[in-house]
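The values are calculated or read from the model by the stated rules, or taken from the named source; none is laboratory data. These numbers were taken from a predicted model, which means no experiment stands behind them. Note that each Cβ is placed from the backbone with ideal geometry, even for glycine, and that neighbours are counted across all protein chains shown. Protein only, heavy atoms only, side chains kept; ligands, DNA and RNA dropped before computing areas. Shrake-Rupley method; radii C 1.70, N 1.55, O 1.52, S 1.80 Å.
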Amino acid sequence: MSNRAFRTLVALSFVAAIPGIASRGTAQGPTSAITDSGATPLTSVTVTATRSPRQVILTPNPVIVVDSTRIRGSLANGAAELLREYPGVDITGTGANQGRPIIRGQRGQRILLLEDGIRLNNSRRQQDFGELPALVGLDGLERIEVVRGPASVLYGTDAIGGVINLINSDPRFTASTFNAGGSVSYRYSSSDRQRRPSGSLTAQLGRLSLSGNAAFRNAQDYEAPSGSFGKLTLANDTRVHGTGVKDQNVALQAAVRIRQGDEISARFSRYEASKAAFGFVSNADLGTPNSPSIDIRYPHQNYSKTSVRYRAKSLGLPFADRADVIGYTTGNERSLALDVFVPFGPGTPPGAGVSVKSRNFTDVNTVGVRAEAAKAFWKQVLTYGADFFRDRSDNSDSSVTTVFGFGPPRPNVNDTASTPNASFRSTGLFVQSEASLTDRLSLVAGTRWQAVSTRTRTTPKISAPLVESSDNAVVAAGNALFRITENVNFIASVGRAFRSPNLIEKFFNGAAAEGSGYQLRNPDLKPETSLDVDLGIKAGYRAFYGELFVFRNSITNGIRIAPTGTKVGQFNAFQNVNVDRLRDQGIELLLRASLPAGFRVGSSYTSIDSRNVSNPLNPVGDSYSSKLTGSLGWQAANGRFWSEYLLRANGKRKDVALGTSPIGPVLPAFTVHSVRGGAKLFNTGAVSHSLNFSVNNLTNQLYAEFSNASFFRPEPKRSAAISWTTSF
């Protein structure tokens, strides 16, 4: 069956299901749930989109909720790898820890990454990269929530393309005075010979709850299979260098229940990584000996976070029924090593070229606070609050540039920092109202005022004058949900979002991280602003759930890297500039159903069109243009065994700037298959044992995720993963 025929079948099945759902909707509300981990349960609850608990089907936003069962059973390396199974989400980056999410064609700093509602983004990351989801260990997660589309009203800068909230398990309090439990697990995967032991413990002593988890991972560089992808052919299995990692996550949490519904908690977490890298295939293996060679490595990264939180769920005050106040501090140290060799090519002596070896060390310290409260009155809930954070960045750089091929090598040493020491401050106030206007119509509307300032500080060997700039933004959003029937909801939303340019975009002056040129600073950048419109339908009844969304997100003053037409040494010069307008629009379709005898099916389809409206000849898409997923699963009636087959097909993309990529001018289509499953094996007293497995890339196909194709970094060959978990 062709991709077009299959997409048509999926769409027709969704349309055909709605009348049946609607005709039965007056008899029963959405009380039954699809309970298998692969579906979107009708009773799944999300808090990220509106800050108050809502069932997914009653949330006036396109959202994704992934529960802990799905997280553990997928055996994914990280959140981004897991989320690419869902509509509107893609992945950039390779290897065990470098995967980062793309939502609706937006990535990097246009995606806001949260942990328990607190931002993980920092202002010292490259715009296209964003922060690592790997900072938060999967073992302690209760669920992952994704809002597809802007969320600046609630979360401020960066939430243009979407929000991903990694939510840890809450403190557990029961009626007993003492209880304890935990688990230990071991995971192995064949492609990267990865070994990952992990464990967790929880305990309650009266009003005191304690928990902790830790995981340690050692992964080697993986191999890609032989085969063809576009115009590129690999004759043999080929190593993708720099895809291994050695890292660890540790988290500790303590909470005290003051009274019913009131808690004070403290949490400490730490992430350490070494041996990580950007990933690359050698020019010899690619058959491109005259192309630049680029090796980007991260010798180490240490991230630590300490937070203290007060949460009251039943205040009963005239101005607040609930409140949530959290203060936090983080430290993020990382080093980067960039080795680039650019050959001069034909007409010059063999081996002639320029070598650049750069080393960067960055230390970003953040302090922040977020306070919010909610009050219910009449037929509405008012949520309001304030947040503040400050990033303080210190860094040092060194580089050695050497010209080869014309006499003795001539190294030029430079230890001037590429980015000056600087700070980034943000202060915001927000308010949002959720109102039920009638039995069928509800509205969510809110606004935010945000002030952002950046300031450089005295930095050794940088004589440029100190610069201070500030941005102010007012954004608003409105969402409406109309219940066509008891089980079919129509959703419309419109919202503004913004992103203030970060320290790298404004102040970086040096060789670009990808080795593609020399980047000049631009302290006069303006903030990006966006206007997003969503229209959709969510429908569910008993064993069926489906949703269909169309969207358009237009970004004004979008920040893009652009050539200046000049050179710095041997490199072409580039600079971040504001372009007039970028636009992403598309369609997202999701269908899930549980069938008799424990079977379940699912499918999704996404189509995204990305345009530089101001300059159509300069394409901006580096994600898929279309994605189709399908799944068929089975679970035993007693819940002891489960299995699942998954398919993901990306359609080809033509509107993309690939430069001199060996795959050619078009990102070719690909289809990958995988299977996974698990079993609850046996119990020994109060101790239970379970096993999960997965096999990815069943057909052993050579392919690269589209955002990893221009700088070609293919995915692993056929690989298996297995985990054993003992719970007590």
Next item on the list: Return yes or no: is residue 554 among the hydroxyl-bearing types (Ser, Thr, Tyr) and closer than 30 Å to residue 632 by Cα?
Entry: no
Next item on the list: Kindly provide the set of residues from segment 101-110 that are charged (D, E, K, R) and part of a strand (DSSP E or B), ordered by number.
Entry: 107
Next item on the list: Run down 411, 420, 460 and say which single residue is outside any strand (DSSP E or B) and open to solvent by 50 Å² or more (accessible area, probe 1.4 Å).
Entry: 460
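Residue by residue, here is whether (1) open to solvent by 50 Å² or more (accessible area, probe 1.4 Å); (2) in contact with a Lys or Arg (Cβ under 7 Å, 6 or more places away or on another chain) holds:
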position: 258; (1), (2): yes, no
position: 261; (1), (2): no, yes
position: 289; (1), (2): yes, no
position: 306; (1), (2): yes, no
position: 309; (1), (2): no, no
Margin query: Looking at 217, 187, can you tell me which residue is of a type in the set (Lys, Arg), part of a strand (DSSP E or B) and under 12 Å from residue 96 (Cα atoms)?
Written below: 217
Notebook entry, point to check: What tally of residues in segment 457-475 results from selecting those that are modelled with pLDDT of 95 or more and closer than 15 Å to residue 525 by Cα?
Noted result: 0
Item checked: For residue 191: the one exception among (1) touching a residue at least 12 places away in the same chain (Cβ under 8 Å); (2) open to solvent by 40 Å² or more (accessible area, probe 1.4 Å); (3) under 17 Å from residue 704 (Cα atoms) -> (2)
Margin query: Condition first: open to solvent by 10 Å² or more (accessible area, probe 1.4 Å) and either within 22 Å of residue 336 (Cα to Cα) or part of a loop (DSSP other than H, G, I, E, B) (or both). Now tell me which residues in segment 480-508 satisfy that.
Written below: 486, 508
Next item on the list: Can you tell me which residue among 477, 473, 445 is within 21 Å of residue 578 (Cβ to Cβ) and assigned to a strand (DSSP E or B)?
Entry: 473
Notebook entry, point to check: Which of (1) of a type in the set (Gly, Ala, Ser); (2) open to solvent by 20 Å² or more (accessible area, probe 1.4 Å); (3) touching a strand residue (DSSP E or B) at 6+ places or on another chain (Cβ under 6 Å) does residue 347 not meet, given it meets every other one?
Noted result: (3)
Checklist line | Of residues in segment 642-665 being surrounded by fewer than 15 Cβ atoms within 10 Å (Cβ to Cβ) and of a type outside the set (Ser, Thr, Tyr), the one modelled with the lowest pLDDT | finding: 659
Margin query: Tell me whether segment 628-638 contains one or more residues that are at pLDDT 95 or above and either under 18 Å from residue 161 (Cα atoms) or not in a strand (DSSP E or B) (or both).
Written below: yes
Check: Taking residue 334, is it within 28 Å of residue 99 (Cα to Cα), open to solvent by 60 Å² or more (accessible area, probe 1.4 Å) and in a strand (DSSP E or B)?
Finding: no
Checklist line | Residue among 675, 601 that is within 30 Å of residue 728 (Cβ to Cβ), modelled with pLDDT of 95 or more and β-branched (Val, Ile, Thr) | finding: 675
Next item on the list: Give the residue that is nearest to residue 622 (Cα to Cα), with candidates limited to residues of segment 69-104 that are touching a helix residue (DSSP H, G or I) at 6+ places or on another chain (Cβ under 9 Å) and among the small types (Gly, Ala, Ser).
Entry: 93
Item checked: Residue satisfying all of: in segment 231-245; open to solvent by 50 Å² or more (accessible area, probe 1.4 Å) and not basic (Lys, Arg); farthest from residue 698 (Cα to Cα) among these -> 241
Margin query: Going residue by residue through segment 169-192, is there one that turns out to be at pLDDT below 95 and touching a helix residue (DSSP H, G or I) at 6+ places or on another chain (Cβ under 7 Å)?
Written below: yes
Notebook entry, point to check: Given (1) surrounded by 17 or more Cβ atoms within 10 Å (Cβ to Cβ); (2) within 23 Å of the chain's Cα centre (by Cα); (3) more than 20 Å from residue 287 (Cα to Cα); (4) not charged (D, E, K, R), where does residue 200 come up short, assuming only one miss?
Noted result: (2)
Note to self: Being hydrophobic (A, V, I, L, M, F, W, C) and open to solvent by less than 30 Å² (accessible area, probe 1.4 Å) is true for just one of 467, 452. Which residue is that?
What the structure shows: 452
Notebook entry, point to check: Is there a residue in segment 41-51 that is at pLDDT below 90, farther than 25 Å from residue 372 by Cβ and buried (at least 22 other Cβ atoms within 10 Å of the Cβ)?
Noted result: yes
Notebook entry, point to check: Within segment 57-100, which residues are part of a helix (DSSP H, G or I) and not β-branched (Val, Ile, Thr)?
Noted result: 58, 68, 70, 72, 73, 74, 79, 80, 81, 82, 83
Item checked: Where a residue in segment 260-281 is on the phi > 0 side of the Ramachandran plot and its partner, wherever it lies, is part of a loop (DSSP other than H, G, I, E, B) and β-branched (Val, Ile, Thr), with Cβ under 7 Å and at least six apart -> 279/94; 279/240; 279/243
Checklist line | Residue check for residue 218: buried (at least 20 other Cβ atoms within 10 Å of the Cβ) and not β-branched (Val, Ile, Thr) | finding: no
Next item on the list: Residues being of a type in the set (Phe, Trp, Tyr) and within 19 Å of the chain's Cα centre (by Cα): count how many of those fall in segment 264-298.
Entry: 2
Next item on the list: Considering each of 145, 81 in turn, give the residue that is touching a strand residue (DSSP E or B) at 6+ places or on another chain (Cβ under 9 Å) and surrounded by fewer than 21 Cβ atoms within 10 Å (Cβ to Cβ).
Entry: 81
Next item on the list: Might you check whether a residue that is in a strand (DSSP E or B), open to solvent by 30 Å² or more (accessible area, probe 1.4 Å), touching a residue at least 40 places away in the same chain (Cβ under 8 Å) and among the hydroxyl-bearing types (Ser, Thr, Tyr) occurs anywhere in segment 384-391?
Entry: yes
